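Some notes on the structure that comes next.
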C-alpha cells in the first residue's frame, strides 16, 4: 500500500455525540407508541392480561434497545482518505465500505423531523451499484454540509466512466 | 437511407399503430366479431363498450404515430412525441450502452422491428417502434458506428463477424427439464392431482407455463457472433431479439453450473451490463434485465472460450478459504474460492449451483467488508465487490481475517490503478 496507508491505522471520525441521545428518543417513542396502541386496543377488547403483557414486553424491549444504543452508535465511523471514503458501522455484523471518490454519482444530505430537532443530518453516497452502502448518520449540519461539498468536488475531480 | 438522411425528421412506419394496438386490439376483436355474427342482443352494451374502446384505441395510436418523429442530429438521437404533452427526447450517441432490435410476433408479421437504445442511466431508453426491419438493422449499424466515432477510434477495417456460440435446441429443452424449479413444480403438481384433483392444477400451471414459454421464446436459437467492438446476440422463437453489446460496457461475467446440469458438464453464461429496463412482456423479452444470457446452456469449453473473448486476461488460480469456513458455510464451502490479477477478479460460490463471477477491476464501484457474529468467532470475514446495477456483486466469502485484510488493501489499490479517468 502506498500513501493511502493501511486500513488498520486510519483516523476515524465519529458522528456527533447527540446521535446517541437522538436514537434513544426514537427508541423510546416507538416503544411507548407500540405499548399505548397495542395495549389500548387489547384493553378495549377486554383482554387486560394480554394488554399488560404487551405493554411490559414493549417497554422492556425498548429499554434493552436503548441500552444497546450507546454501543451501536459508537461503531459508526468515517474517514476521508486520498482516493476513497471509508465508512464503518454495525455491532452484530461489523461492516466497512470503501467508496472511491471517482465512483460517486451523487450525494444526499437528508434530515428527518427528529434529526432536524437535534440539528443533525445524514449524508449518503450513491454509486452506480445499488449495493453500495455508504451512509453516515448523526453529523451536525455544518459537518454534513462540509463533507458533502468536499466529496462532491473530489468526485468531480476523480470521475471515471462506467 | 444514409447517414446524411438520418439528419432529417422521420416518421415511424405507418403500420406502427396496428402493431402497437397488438394483442389488446386483437382480443377485443375476438370478443366483438362473434357477437356481431350471432347478433346476440344481450351483449349489445358490452359490444358498444368494446367497440368504443377499440375506436378510442385506434384513434389514439394513429394520433400518436402522427405526432412522433425522430432524427439523428448533433451526435444524438432526437425523438419528439405527444400531442397534448409534447415531449422532446434526446439520446446522446456517446452514452449508448447497447442497441437492441426487437420483433414481437405481430411486428414480425408486418416485417417491422423495434429499435431500442439502452442508455447508461437506469430508466431512460430510446424506443423507435416500429421501423421496417431492414431499416432498423441499418440504423443500428449507423448508430453504433457513430457512437464509436465519438468515443473510441474505429477499427481500421471491419472484422468479418465470426460465430462464437449457437445454442443447441435439444440441450435447451433438456435444460428446462433438468431444473430444480421445474422439477419442484412437477412434484407439487403430482401431489395436487393425487390429493386435490386436476382442477386445482390450472391455477399455477398456466403462469408457470407462460414463464417457461417466455424463456424458450427468448433463448431458442440464441447465437453469439463477434462484431467490431462487441458481441452480437440474436435469437427467439416467435418473437426475435437482436442486440449488440459493446465489450467495454460489460460490468461482470457470471457462469452458473446448476447441480442437475453438473453430470452433463453444462453451464450458463451471463454478462452483466449497466442500466436496466422494465421487462417488455409483449415481446417476451428477457433482455430487459441487466444480465443477458450469452449461453443459455452450453458446455464448459464453449463458456471458457467466450469468457476468454470477453476478458482476455483472467486469473486461473483459485485461493481456497480456510477449512474452518466449513462451519460457517457448510453447503457452499466446496465452491468457495477467489483470485485476482491486475485486470480481473474472479470469485466462486453458491450452495447447490456453482457460480463463478468475473469482474473487471476497472468496473468495480465499491468494496465492502463484513464480519458477522459467527464469522468473528471463527476469525473469518467476507469481502464484497460491488458492480453497477442491482444485486450484482462478487463475494470473497469467509476468508481468514488476516488474508481478508490484505486482500481488501490489495483490491483497493488494484481498483484505483485499473480505473481510468472519464473522457
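Observations
- Rg(Cα)/(2.2 N^0.38 Å) for segment B:321-423, N = residue count: 1.07
- Across peptide A:118-128, the mean count of Cβ atoms from other chains lying within 10 Å of each residue's own Cβ comes to 2.
- Cα-based helix-to-principal-axis angle, A:18-44 vs chain A, degrees rounded to 10: 30
- Each peptide in A:96-103, B:296-303 was scored by the mean count of other Cβ atoms within 10 Å over its residues; highest first, the order is A:96-103, B:296-303.
- The mean sequence distance of close C-alpha pairs (under 8 Å, at least 6 residues apart), as a share of the length of segment A:87-126, puts its relative contact order at 33 percent.
- All Cα-Cα distances of segment A:13-162, cut into 10 Å bins from zero to the largest, leave 11, 32, 27, 17, 10, 4, 1 percent in each bin in turn.
- Volume per residue for the protein assembly as shown equals 250 cubic angstrom (convex hull of Cα atoms).
- As a rough guide to protection, the peptides B:259-270, A:105-116 ranked by mean Cβ packing within 10 Å, highest first, stand as B:259-270, A:105-116.
- 0 to 90° range, to nearest 10: angle between helix A:141-158 axis and chain A longest Cα axis: 40
- Inverse mean reciprocal Cα-Cα distance (Kirkwood Rh) of segment B:213-253, Å: 10.9
- Cα centroid separation - segment A:15-82 against segment B:305-350, whole Å: 42
- 10 Å Cβ neighbours from other chains, averaged over peptide A:102-110: 2
- Take each residue in B:406-414, count the other chain C-beta atoms within 10 Å of its C-beta, and the mean is 3.
The numbers here are math on the coordinates, done by the rules we state, and not lab data. Quick caveat, the model's predicted, so the values are computed rather than measured. Here the Cβ is made from the backbone with ideal geometry for all residues, glycine too, and neighbour counts use every protein chain on show.
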